[in-house]
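Working notes for the structure below.
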Amino acid sequence: MTTGHDTAAASPAKGGAAPGRPPAGAPETEREQRRRARLSRRWQRDVRWSPYAFVSPFFLLFLAFGLFPLVYTGWASLHQVELTAPTDMNWVGLRNYTRIFDDDFFWNAARNTLTIGVISTVPQLLMALGLAHILNYRLRASTFYRVAMLAPYATSIAAASLVFVLLFGRDYGMINWALGAVGIDNIDWQNDKWPSQIAVSTIVIWRWTGYNALIYLAAMQAIPQDLYESAALDGANRWQQFFHVTLPALRPTILFTVVVSTIGASQLFGEPLLFDANKGASGGSQHQFQTLGLYLYEQGWVNQHLGRASAIAWTMFLILIVIGIVNYVISRRLRASG
């Protein structure tokens, strides 16, 4: 017969440790120590290697679709390669580069790229700056206007270019109809040199002005209001505040948009391709608006000279590097002067 003292000893007290577990404060067994050591090593490996695992997809995609095509294109530019036999490569050294530099069509495309870039970039950024200045003030339905600014950017290049082809039609286009209403004769927008470049630039301006306006607007909203209040106390009106407060604060942003727009202009392809009445890569009947991008496409996929097209691509890449270096130098000088 068991006593009450024996029963209490046989069963754990209420709220005590569970059967089979060591009481609190008891030393850990060797098995638990090994388990804790394994968890500690696993946690250390996780902390050390997890960031690399998270960023590895980007680097894998960059190696496959960025670095490898760049290196392979540079290697192909030193060979004679045809589209009909891309695996047959004959070493020619720098001959592809000398041939394109001796080609008048290359320099014509370079000049067209420069003029279209200037015609499209300067008005685009000036209009974007003005629109951002207007949107920076409190307006009714300001959110609607900001969304409307991005509508051209979100529109397909093909759809927008085809609409502008109709607008700039020689016989039935709305632009010539409006010019005829004020006594100006019809302009052949697709076959004349300067009108065709202005028309292509108009497509670029329409598509990118709102995008740059929102960039300027974000930069304007980051300017401290104390500067405007101080200028107002000194008697400055809104125009004076814009020129003496807003523009100096926007210098880095303006430089950024100028560089990005310049890079985009040097790679212009879709707009002139679709604006061509012949639907080819010649950039008009007399190559009057053929850009470097169109010239590269013509050499590689129309004339089937992949080696020469690769040389053009690397030439454009070197031009972009020069633009980046100029941007870096100007940025350093702006920071030093600031």
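Observations, loosely collected:
- Per-region count, region 173-193, residues assigned to a helix (DSSP H, G or I) and within 16 Å of F289 (Cα to Cα): 1
- Counting only residues that are at pLDDT 90 or above and aliphatic (A, V, I, L, M), region 116-150 holds 11 of them.
- Residue in region 170-185 that is without any contact (Cβ under 8 Å) to a residue 60 or more places away in the chain and closer than 29 Å to L296 by Cβ present: yes
- All positions within region 141-159 that are open to solvent by 40 Å² or more (accessible area, probe 1.4 Å), in contact (Cβ under 8 Å) with a residue 24 or more places away in the chain and either touching a Cys at 6+ places or on another chain (Cβ under 8 Å) or assigned to a helix (DSSP H, G or I) (or both): R146, A148, L150, A151, Y153, I157, A158
- Looking only at residues in region 272-291 that are within 22 Å of the chain's Cα centre (by Cα) and open to solvent by 10 Å² or more (accessible area, probe 1.4 Å), the one that is farthest from I319 (Cα to Cα) is L274.
- Flag if R170 is more than 24 Å from the chain's Cα centre (by Cα), surrounded by 15 or more Cβ atoms within 10 Å (Cβ to Cβ) and part of a loop (DSSP other than H, G, I, E, B): yes
- Pairing residues of region 59-87 that are surrounded by 12 or more Cβ atoms within 10 Å (Cβ to Cβ) with residues that are among the β-branched types (V, I, T), at Cβ distances under 7 Å and at least 6 apart in sequence or on separate chains, gives L78/V92; H79/V92; Q80/V92.
- Criterion violated by E298 - all others in (1) crowded, with 21+ Cβ neighbours inside 10 Å; (2) touching a residue at least 40 places away in the same chain (Cβ under 8 Å) satisfied: (2)
- R138 meets all of the listed conditions (1) without any contact (Cβ under 8 Å) to a residue 60 or more places away in the chain; (2) closer than 26 Å to A265 by Cβ but one, namely (2).
- Residue check, G264 open to solvent by 30 Å² or more (accessible area, probe 1.4 Å), touching a Gly at 6+ places or on another chain (Cβ under 9 Å), in a helix (DSSP H, G or I) and touching a residue at least 24 places away in the same chain (Cβ under 8 Å): yes
- Here V182 qualifies as β-branched (V, I, T), surrounded by fewer than 16 Cβ atoms within 10 Å (Cβ to Cβ) and farther than 30 Å from I254 by Cα.
The values are calculated or read from the model by the stated rules, or taken from the named source; none is laboratory data. Computed from a predicted structure; not experimentally measured. Note: ideal-geometry Cβ built from the backbone for every residue, glycine included; neighbour counts use all protein chains shown. Ligands, DNA and RNA are excluded from the accessible area calculation, which covers all protein heavy atoms including side chains. Shrake-Rupley method; radii C 1.70, N 1.55, O 1.52, S 1.80 Å.
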